[in-house]
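Asks: Just passing along the structure, written as structure tokens.
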Amino acid sequence: MLTWRRLHVKASAVHGLLTSRLVTEQHTWVHGHLPLCQSLSTGTPVRNDFFKDLEAQFAAARQKAADAMPGSSWSPIEINPNLPPERADIVIVGGGVVGWSIAYWLKQKERVRGALKVVVLEKDPTYAQASTVLSAGGIRQQFSLPENIHLSLASADFMRNINDYLGVLDEEPIDLQFNHSGYLFLASEDVAHIMEENYSTQRDAGAKVSLLSPTQLKEKFPWINTDGVVLASYGLENEGWFDPWTLLNAFRRKAMSMGVVQCCGEVTDFKYSVNRAMTTEGKSLDIRRIKSVKVQMPNSLEYQPVECAIVVNAAGAFSSKLAQILRVGSGAKNTFEGISLPVEPRKRFVYVFHCPDGPGLDTPFLVDYSGVYFRREGLGGNYITGASPEEEKEPDPGNLEVDHEFFMEKIWPNLAHRIPAFEKLKVRVETLSSSLVVFNLSGAADLKTKV
Amino acid sequence: MSAHLMSLHRCCQRSARLLVAGRPWSSSSVSSPPLHTRLLLFLTQRFYDVEMLLRWRSQQGQRRVQKKNAYYSYTQHFHGADIAAAFYVLSLKGGFRYVGQSDWFHTDKRGQFNWNFLNHKDTPLEEVDMSCSLISYSGLENLVGQQSLRTLSLQGCPEVDDWFLARLHVFQDSLEELDISHCPRITTGGLAALRNLKGLRRLDMSSLPGLSNPGLVIILLEEMLPQCQIIASGYDLSLSQEGIEERNEQHEQGHESDKSEKQAIY
């Protein structure tokens, strides 16, 4: 009987029955005896041990009494506090900036306080492979589609008034570290007409952009080599870059203050109900409706099925994997059910280098017509650079290994040609990073640079 | 009874911990806020009503600023854009001077001004003094059409931030003197936007509390605006020996933590 109780004590760490606590006291008392037998020669340490044990026992007794009172959170059944709730209205899969933004706006739009139960699931709380934190953090209005321009202007408005939207009472105001340096796009002969068309679209939509000739460009930015540049487009306002991690945390803090539940786990399966209906042509159609998702805890076999009404897929680069789990696209070809989610992950490299004689505080986010871009990072002469690889030579998105050869062959020559000061630079190898970008197969929209 | 006391005790501990770890009180370096503020905070964490009242109060402050900076469309419609801009400046307790005139029109502390400015129709403004006023980004809409604005003084304006500076590009050809000293919300990112002010000859950026590396920023600004005279007083630019040693230590610690982080990720 006593041995069973001792085993029980070893299993339960904090919560325990009254009897097992008595056993722990006996346990320590037994242990307390042993040093007494061993160290009779020294006098005082034995007394200290005794008093320390006594204090520990008093603390344990106080804790036991507090737990026994009504209103304490003790329960005889051990519940893992990290599990998501059993029932939720909306489950958002993905804890990046998009997922938390959706959670915030859902809570903002609920009519009655506490009417909507929203759970955000993030499988990696360190965000080691998340696109949000590894991105360059730029925002621009220089797009070709008016919808993108309007979205971007609305985002800039949001960021300008971010403390009105995401300010929490009694917390520090949010500082996004927004650098208002603008984007500078360079065009060669063959793409100059596209740039002019885009300029008129952007102006009509309300973006503050200006076109520069090579002489004006040289006058404004003397460190640029205007060889081969026929036209340049410079954003005057609402363009620049900021810290995406701060934005993510601002959204998260505000959403959690409004009652969104954050949970660390991965969606591995789901349960659904099927309704069979007849179309007007007489064919039968299976309408599937999600009933619950199975959330797997990290590094554990534990899982929790979360009953929900709506599942939002905000998993970024891993959204196609989630869609496969949810069996989107598993129907017959040429039917609606056969269309899979047209999003796939693509790997992009970002290199940080240091150049002491480089351009100064006014460096815009420069995008060359060869596809190479760079921007200033901080005030110490560091710059961030990268390039979109050609279609055929896309790197494998399976891992996040950085390819140094890509920098030496594709980026550095173009960079040094455009900015002669960058012929002498030093790549900071310890800060290389690669990130997975959400690549929309239909329109090649690079979500990394649009927030 | 004892349960109630226990829960109250736990609540006191929790609130004390929250206060200790709470926000630093705006820009002052006082260790703990005054008693009535702490009491209000404690009540906010316990009662929804108090939280709602405090939120209404802060929203009222924001609405006041927005109302002051509204677009003066009626004045524009009846008197023209220049008179509207002049009226806006006077309503925000600022002062201005017309092109070709030598006397200024000011508002005194009680908000009263001379209505003679209505006599000068269609005269653009040349110098505007908005020190310590509530001008903000949306208020700049009233001044956007002033293509002959040469001097703009924004000393000590609490609502002038980086986005405001970025919008100053509308005066890129004409603006020659700009005074943004003592504005608490300006940071380095906004100063980079001053690139567009081609005609700027004099910039006063003294005592900006939002700048983290004032010495370096001043040097970079001087490189960025070579024809501009930059006045930057009120910063501690001393290179004392202890300061350099501290900074070196922090730099090394930063490097080590960077390396260990990267090793952990890769």
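Asks: Go through the stretch A:117-143 residue by residue and tally those that are surrounded by fewer than 19 Cβ atoms within 10 Å (Cβ to Cβ) and at pLDDT 95 or above.
Replies: Residues meeting the conditions: 1.
Asks: Taking the residues in the stretch B:141-197 that are touching a residue at least 60 places away in the same chain (Cβ under 8 Å) and either assigned to a loop (DSSP other than H, G, I, E, B) or within 14 Å of chain A (Cβ to nearest Cβ) (or both) as candidates, determine which candidate is farthest from B:A70 (Cα to Cα). Before the answer, list the steps.
Replies: The first filter runs over the stretch B:141-197 and keeps only residues touching a residue at least 60 places away in the same chain (Cβ under 8 Å), leaving B:141-142, B:145-146, B:159, B:184.
Next, only the ones that are either assigned to a loop (DSSP other than H, G, I, E, B) or within 14 Å of chain A (Cβ to nearest Cβ) (or both) stay: B:141, B:145-146, B:159, B:184.
Numbers: B:E141: 9, B:G145: 16, B:Q146: 17, B:E159: 14, B:P184: 22 Å.
The residue in question is B:P184.
Asks: List every residue pair whose Cβ atoms lie under 7 Å apart, where the two residues are 6 or more positions apart in sequence or sit on different chains, the first residue falls within the stretch B:108-121 and is surrounded by 10 or more Cβ atoms within 10 Å (Cβ to Cβ), and the second residue, located anywhere, is among the polar types (S, T, N, Q) and outside any loop (DSSP other than H, G, I, E, B).
Replies: B:F113/B:T107
Asks: Still on this structure, please answer the following. A:T363 passes all but one of (1) β-branched (V, I, T); (2) away from chain B (no Cβ under 14 Å); (3) over 29 Å from A:P397 (Cβ atoms); which number fails?
Replies: Against the list (1) β-branched (V, I, T); (2) away from chain B (no Cβ under 14 Å); (3) over 29 Å from A:P397 (Cβ atoms), A:T363 comes up short only on (2).
Per-residue answers, yes or no, for (1) modelled with pLDDT under 90; (2) within 22 Å of the chain's Cα centre (by Cα); (3) under 30 Å from A:E219 (Cα atoms):
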{"position": "A:R376", "(1), (2), (3)": "no, no, yes"}
{"position": "A:T385", "(1), (2), (3)": "no, yes, yes"}
{"position": "A:G398", "(1), (2), (3)": "yes, yes, no"}
{"position": "A:E401", "(1), (2), (3)": "yes, yes, no"}
{"position": "A:P413", "(1), (2), (3)": "no, no, yes"}
{"position": "A:L432", "(1), (2), (3)": "yes, yes, no"}
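Asks: Here is a follow-up. Check off (1) within 18 Å of A:R428 (Cβ to Cβ); (2) away from chain B (no Cβ under 11 Å) for A:G380 and give me the number that stays unchecked.
Replies: So A:G380 meets the others, but not (2).
Asks: Here's another thing I want to ask about it. Could you list, in sequence order, the residues of the stretch A:319-328 that are touching a Gly at 6+ places or on another chain (Cβ under 8 Å) and surrounded by fewer than 16 Cβ atoms within 10 Å (Cβ to Cβ)?
Replies: none
Asks: Just give me the residues in the stretch A:173-200 being touching a Phe, Trp or Tyr at 6+ places or on another chain (Cβ under 8 Å), at negative phi and not aromatic (F, W, Y), in sequence order.
Replies: A:L176, A:N179, A:H180, A:S181, A:L184, A:L186, A:A187, A:S188, A:V191, A:M195, A:N198
Asks: Looking only at the stretch A:66-80, decide whether some residue is touching a His at 6+ places or on another chain (Cβ under 7 Å) and within 14 Å of another protein chain (Cβ to nearest Cβ).
Replies: Yes, that holds for at least one residue.
Asks: Go through (1) surrounded by fewer than 18 Cβ atoms within 10 Å (Cβ to Cβ); (2) more than 30 Å from A:W245 (Cα to Cα); (3) modelled with pLDDT of 95 or more; (4) not aliphatic (A, V, I, L, M) for A:Y199 and report which single condition fails.
Replies: So the condition that A:Y199 fails would be (1).
Asks: Still on this model: Condition check: polar (S, T, N, Q) and either assigned to a helix (DSSP H, G or I) or modelled with pLDDT of 90 or more (or both). Does A:T28 satisfy that? Can you show your working first?
Replies: Numbers: polar (S, T, N, Q): yes; either assigned to a helix (DSSP H, G or I) or modelled with pLDDT of 90 or more (or both): yes.
Yes, satisfied.
Asks: Filter the stretch B:31-67 for residues that are closer than 19 Å to A:N163 by Cα and among the hydroxyl-bearing types (S, T, Y) and give the result.
Replies: B:S58 - this is the single residue of the stretch B:31-67 that is closer than 19 Å to A:N163 by Cα and among the hydroxyl-bearing types (S, T, Y).
The values are calculated or read from the model by the stated rules, or taken from the named source; none is laboratory data. Remember, it's a predicted structure, so these values are computed and weren't measured experimentally. FYI the Cβ positions are ideal-geometry reconstructions off the backbone, even for glycines, and counts take in every protein chain you see.
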